[in-house]
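The block underneath contains the structure these notes are about, expressed in structure tokens.
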Amino acid sequence: MADQDEEWVYDEASGEWRPASEVAQEQAVEVRDAAGNLLSDGDSVVLVKDLKVKGAGQTLKQGTVIRSIRLTDTPEEIDCRHDTIKGLVLRTEFVRKR
């Protein structure tokens with residue numbers, strides 16, 4: 001029998017009430033780098049090619065280390081900070097886990 005204190009969520013796709021823990025596990029998205037390694041919040045990554053940064057007027061060189069990334073809702077993008085660029089969003093196809 002299900003625990004009475006468990007939180008339930010209505011799943012519109014199936015039209016059923018389901019435990020919140022089940023729905024959260026299904027919504028978890030895997031974010032992978034250019035080499036196929038699994039990324040998570042707080043990881044450090046290295047750029048695999050030179051990237052021109054729009055709006056900043058500079059280029060980040062291949063091999064640049066980006067520390068403390070944050071995952072976004074989009075699995076193809078990560079949010080990060082660089083010493084000279086605030087609010088930098090990189091595509092995962094251009095980074096490799098360090």
Scanning the range 84-94 residue by residue, those within 12 Å of the chain's Cα centre (by Cα) and of a type in the set (A, V, I, L, M) turn out to be Val89, Leu90
Residue hits (the range 18-70; surrounded by 13 or more Cβ atoms within 10 Å (Cβ to Cβ), without any contact (Cβ under 8 Å) to a residue 24 or more places away in the chain and of a type in the set (S, T, N, Q)) are Thr64
Of the residues in the range 53-98, how many are within 17 Å of Arg32 (Cα to Cα), part of a loop (DSSP other than H, G, I, E, B) and among the hydroxyl-bearing types (Ser, Thr, Tyr)? 3
What number of residues within the range 1-44 satisfy the criterion of being modelled with pLDDT under 85 and outside any loop (DSSP other than H, G, I, E, B)? 9
Every residue in the range 30-83 that is within 8 Å of the chain's Cα centre (by Cα) and among the polar types (S, T, N, Q), please. Ser40, Thr72, Thr74
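The values are calculated or read from the model by the stated rules, or taken from the named source; none is laboratory data. In this text, all values refer to a predicted model and were calculated from it rather than measured experimentally. Here Cβ is always computed from backbone atoms with ideal geometry, including for glycine, and neighbour counts include all displayed protein chains.
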